[in-house]
Amino acid sequence: MTNKIVAALACLGFAASAGAEVNFDQNIDVKSVVEQAKSVDVKAPYPYYGPHRVRYSRECRNFGFGASPFAQSSGREFISSTEYIEDCRFIPAPPNPPLPPPPPRPKKTKTAAEKDYYPGQPGYPGYNGNDYGPNGDYTYPGNFGGQQGQWYCRERIGQVFRASAQVNLAPRQLYPWESESFAVCMEGQRVDFETRNSPYSYSVDRQGLYDLTFNLTPNYRRPTPPDASGLNLAGFAFRDGKFVMAIGDRWAAEYAGEKVEIQVELMKDGFLFFNSSKGKKTFTLDTASSYELAFNEGDLTKDKDFVDDSGDVRGPKKFYVKWGFRRIGSVSTNDYIKKGDTDKITQ
């Protein structure tokens, strides 16, 4: 009985707030009151709140290792990720105001913009409105319940997630010019391990939940590009009718038993920027601590860049060489390394 009385009072209160008509001089028909309240069109005022959108910041810590035949361990680094929750309110677009009466025809013809808009409407010349709502940090157009309007949104900080990470590296072989780098990144509660740069494929043993340790064991090695500073020019001269280049190799011991390919292109210094190619030649040599390359114009292969300037009568000319190299073998990839230009000399 008590429950029925409470339900009747609740229905009466709802009916009164909804504008339903109830005659208190007669017996109350609760069922008819409820049906009458349902038929009343009651619209809640805005703002309407849309569903939250959540994003997480991403933070990474880098771990670098150099060449060493022994096991290596990094220090323990701390990382965190912040949760950002977007709160939005929806403001329906107001109906367009009625158009003002047309003004008297001016003597001057209106521009296209003035014909398409009326004063006070966004887009009208001189309109100084803005897109920021009363409680939002940014806005974007949208709809809610089939009604067009604007979403006014801002982000607030939710949870902050924290962890720490350490990387242990088992013994492996790196050449002196090689290095390795890894990263541990946190986004939300998720922590990922990434290999940024390494000649090795590793098995990764992950231990811990928030105080994480990553133990790396090498599986196999992949060749890496050669060291660009492995070969360097020691001298360039013209003697005994030939151009002579002296080149040093700082990693001859590491590449012992392999070959090196050195390409030269003889260039003639022209007026202003009009330099011309005299041809190219490729030398394939056994790896050594130094190389001496001797050639003249007759040894060079002419290609599409060759320019015949035999009619040039400007007197003595200056020459220089564009050169580069590649390693041939299993230690490195066979990427071609451009070394640039030598100094200019007179023939």
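No lab work stands behind these numbers, since they all come straight from the coordinates. Keep in mind the model is a prediction, meaning the values are calculated, not measured. A quick note on method: Cβ atoms are made from the backbone with ideal geometry, for glycine too, and the neighbour counts reach across all protein chains shown.
Values computed for the structure shown
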read-out	value
Other-chain or far-sequence residues with amide H under 5 Å of residue 243's (modelled H)	295, 296
Net charge over other residues, Cβ less than 11 angstrom from the Cβ of residue 254 (K, R count +1; D, E count -1)	-2
Label-to-label distance, nm, for residues given as residue 148 and residue 284 (7 Å Cα→Cβ offset)	7.1
Neighbour cut-off at most 11 other Cβ (10 Å), DSSP loop, trypsin sites (Lys or Arg not before Pro), segment 210-289	none
Around residue 196: net Lys/Arg minus Asp/Glu count, Cβ-Cβ under 14 Å	-3
Net lengthening on full extension, residue 347/residue 275 (0.36 nm per residue, minus Cα-Cα)	24.4 nm
Full-extension gain in nm, residue 57 to residue 203, via 0.36 nm per residue minus C-alpha separation	49.8 nm
14 Å cut-off, amide nitrogen to a point 7 angstrom out along residue 299 Cα→Cβ, residues in segment 224-259	236-247
³J(HN,Hα) computed for each position of segment 139-154 - Karplus, 6.51 cos²θ - 1.76 cosθ + 1.60, integer Hz, glycine/proline x	10, 7, x, x, 9, 8, x, x, 10, 7, x, 10, 9, 10, 10, 8
Computed magnitude of the charge dipole of segment 231-346 (debye, nearest 20; Cβ of K, R +1, Cβ of D, E -1)	220
FRET efficiency, 1/(1 + (r/R0)^6) with R0 22 Å, evaluated for residue 335 and residue 234 via beta carbons	0.45
R0 of 41 Å, Cβ-Cβ distance residue 139-residue 192: FRET efficiency to nearest 0.05	0.75
